1. What does the highest-first list of C:218-231, A:287-300, B:197-210 look like by mean Cβ count within 10 Å?
2. Pairs A:LYS119/A:LYS184; A:LYS177/A:LYS208; A:LYS107/C:LYS208; B:LYS128/C:LYS158; B:LYS37/C:LYS158; C:LYS158/C:LYS260: which exceed 23 Å Cα-Cα?
3. By counting other Cβ atoms within 10 Å of each Cβ, how are B:ARG337, B:ARG331 ranked from fewest to most?
4. Would you give the gap between the C-alpha center of segment A:231-297 and the C-alpha center of segment B:37-56, rounded to a whole Å?
5. What order do you get for B:110-118, C:235-243, A:237-245 when each peptide is scored by the mean count of other beta carbon atoms within 10 Å, highest first?
6. Rounded to whole Å, give me the distance from the Cα center of segment B:188-241 to that of segment C:103-163.
7. So how far, in whole Å, is the C-alpha centre of segment A:144-201 from the one of segment C:219-283?
8. Residue by residue through B:268-276, how many Cβ atoms from other chains fall within 10 Å of the Cβ on average?
Amino acid sequence: MAEIVVEKAIKRFGKFVAVDEVDLMVNDREFVVLLGPSGCGKTTLLRAIAGLGMLDEGRVMIGNRDVTYLPPKDRNISMVFQNYAIFPHMKVYDNIAFGLKMRKSPKEVVEERVQNAAKLLHIENMLDRYPGAMSGGQRQRVAVARAIAVESEVLLMDEPLSNLDALLRLEMRAELKSLLGRLKATTIYVTHDQIEALSMGDRIAVMKQGQILQFDNPTRVYDLPANQFVGSFIGNPPMNFLRGQVQRENGTVKVKIGDFHLSPSEEMVEPLQGYDGKFIFVGIRAENMETLASPAPDALAVMVEVVEPLGSQNLLTIRISEDILKVSTHPDFKVHAHETVYIRFPPAKIRWMDRDTGQAIAPSLDKVLA
Amino acid sequence: MKKFSWTPYLLLLPSLLYLVIFFAYPMYESFRLAFQKDSAILSLRDEPDENAELGGQIKLQTIVTILDRLQLEETLPNGRTRPIFWFQVEGEDIDGNMVTGWVNQKSVFIENRRTSETARVVAGEPTKEWTTDFAERMFNDYRFKRALITTLILIVLILPLQFTLAIIMGLIIQSRIRGSNIFLYIYAIPLGISDLASGILWYSIFTQRGFLNSFLDTVGLIDKPYIFIQASNREWMIAAIVLAEVWRATSIVMVIVVSGLQAISRDYMEAGEVFGATLWQRIHYIILPLLKPSLQVALILRTILAFQVFAVVVAITGGDVLTVLANETYRWYDPARYNNANVAAVYALFIMVLSLGISLFYLRAVRSQEEASKSV
Amino acid sequence: MTTIETPINTTPSRPSMEATAVDRKRAKRRHSIRRGSIYILACIIALWILLPIWLIGTMAFSTPEDVRNYPKHFAPVPASTETMDFFLNTDGIQRAARNSIVVAIITLILSTLLAIPAGYAIARYLFPGRDAIRLGILSVRAFPIVVLAVPLAITFIKWDMYDKVYSLALMHTALTLPTTILVVASVFAGVPYELEEAARIFGCTPAKAFWKVVLPLATPGIAASAILTFVLSWNEVFAAILLTLTNRTLPAQILYTLDKSGDPFKFAGGFFMLIPSLIFIFFIRRYLFNMYGQLNK
């Protein structure tokens, strides 16, 4: 059993607070991704769990053991580094065997586990080579093999794919996912690549400025971002945020975007009532809007500014007063710049955001359960 | 950042201690040698013992008569003992009165410790007093001005040549022609060559029966060897020293320049080319400004070293007809010549003050320039 | 010198085939003229560096008669080791050479042993006063030897350490230590910190990580720095001549007897002193910029 618990972790660099009172609970054998832009504290948090940088406050528990002040070697963890950190003066075999040898494992065990790890990563024919002449992808494999050979209960990965070129990254991503699925380790994986996060993690912790903004499974993080930042950080193009004014009209609520009136879904009526007369953000993803060629009563007429054919979709750029809206359409939908199209906003796909706090406006819990 | 840790300090401690012992202490000693001298007055003692009560005071060089003598033992710092004589003497004190008291053999000059009847007071109190005597002696020495001027002339001639050549070498290496690595190593060869060896090398070229004369003779330009190195030929001697120093010490500037050039992104150069800058314009407007920090470091380093130029000068000229500051330091120190460490210490300090002054001047000039460019 | 325009137009307007061919020829010629002139300049400078070494080598391996002769040959024909033999068998030279080697070896051992922890601390730790210490080390490196040699000589006389080989080695260690520390620091800085962290993750204590990972990777660089230290000590003459009297090192001995000796002795001595520096440049070539380049920072 190796669940990882981080409690009230604070890490400062001078005046800069890299990790700001973070709480994180990772279940045994779970795959958690720490996602965020550079400088958000994700790597710092990972290193604190690894024992490579001591926390200023708070504590770290691994499998019910307080490891806050333990050196890395006593934490029973293993790690894949961003630049691989393959020892250039050792053969591939000795690199993979390093952790086992340090733990003084018996020779047969070392041999067996090195061979197994090498086989899993398809590098069994490179064991006698030095890493100097190897390609980035091969080194990556050695780094992963070294990390899994020790069979520790916790596996930490610090942007392991970020130094590979795009094609190789795609290949390694799938391979890594299937490999890690077979392992029994609790894994924490740091990345700034949202696609990696969405495609690999059981749960994603989105971080910004030293704090975890949302910690949830990939679908929910994508569809129901907790706030404006998560919505715009995840997804390409980012979630659209239109300015709308809430208006109460005899028992119902409408949101006015220009001259257009939008009706929220049923469970949102109550929470939105409090915003009567105020401006809020209407958050909606580019692929969640319907684009029509001809007018419809519940569709907004807009002028297309730019059309970008992307192969699998066409991306339209539309200006609504001051806001820019990105809409993705089926590639067969023929439209040119400066033409008028009609857009329908399915109420169920809209995420409403408070304009001042940037936080999502959510229905009260009992309403959802009902 | 890690929590405060003593580890780095512990790791640095041995080196720092060592440097303090071998830099700070000699500096302090240097000042003492340069600006302190023995007191000019010797106090007599009431008993033949260093800790005895003090009696009358006698000026240095006073002749005293010996009334009595005693042979005692003295313990040295290393634990060994050696015999030491104490004399009871009589002489005129600073006010002209006759006084008597005991002195030991270190304070007086005496022909024969066992039989002589008189002695001369040569050492004063073990206490020191401040003096500018040694400094005055250095400044008034007829060779001081010549040494200073020669040193400055050498610096003024050597540094511009060195830096021009080093930048040319650097640009050649950086042009990435085939074999530029080989050129780099050839240009770097003099890095490990001592100033003495370089001096001897160039002496072999400039000496009367040397290679230069042999060459001129073979080509038919001269009939008999021309004597480049002689007292009336200062210009040629200086030229030989300049060539030897440029030959030897340009390499280090070159390496600094090349590593500075490597830090300059090729984009700048290519941008310059695209916008039509000629090579000279690129050097003037792109390379030199970007290289400035490296050049400053090299300049300070080379200037400080140039103030210490020594073995090259001695090897080429013998160090008598043409002299430099470091050579004077050695001459004053040398037990076989002036044997005066005090004046030597003044010379050493003088060289240090010059070096520090020049470095500060460079740094100040650089800073004021930077501030000027910032305010624009 | 001419410049070559980098082609920047991406949509070429197609001129006639002959015109492009002529242009290409002209561009090629301009290019090769430029290359050629760089080569010529490079070779002239190389000659300027190599010629004096060749000449002194010629002297060292000619007969003493040829050395004294005028005009001189420009190549060692007939070749002879007589001059070198004469130099090496001159009174005091072998002893001086031995002293030089002993001093240089003591210096390199002391200097390297002191510099490894210090260099590691500078390369790896951020601590209050780090920049001040770095700057201090950098500035003592530029400190005039002259200033130290005189008072140290006096002090050594006082402490009964004057004219001893080990005293000179202590002095040389002080002179080389700043350089050695900075070079070793840059060597350590070249070993990625991630490797050390990886070692610690996989079960090493910090000390063991240093021993198992950092030191093996830094060894070639440290060896190069040790060679540099050796050469610095081997070449040093001012302190050597002040601090020794009977136990002269080679440069001190040669300098001291310079005005009393003939050309064969001088030239052979000059060449003999060159040998370590020629070997030196071969061994340190990979670390050239570690040693001198980092002066910039």
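Just so you know, all these numbers are worked out from the coordinates, no wet-lab data involved. A quick note: this is a predicted structure, and the numbers were derived from the prediction, not measured. Virtual Cβ from ideal backbone geometry, glycine too; neighbours counted across all protein chains shown.
1. Details: C:218-231: 21.5, A:287-300: 14.7, B:197-210: 25.0.
Packing order, densest peptide first, comes out as B:197-210, C:218-231, A:287-300.
2. A:LYS177/A:LYS208; C:LYS158/C:LYS260
3. On the way: B:ARG337 10, B:ARG331 21.
Going from sparsest to densest Cβ surroundings: B:ARG337, B:ARG331.
4. Using only Cα atoms to place each centre, the spacing works out to 105 Å.
5. C:235-243, A:237-245, B:110-118
6. When both Cα centres are located, 37 Å separates them.
7. 58
8. Working: counts 0, 0, 1, 1, 1, 5, 4, 1, 2.
Other-chain Cβ atoms within 10 Å of each residue's Cβ, averaged: 2.
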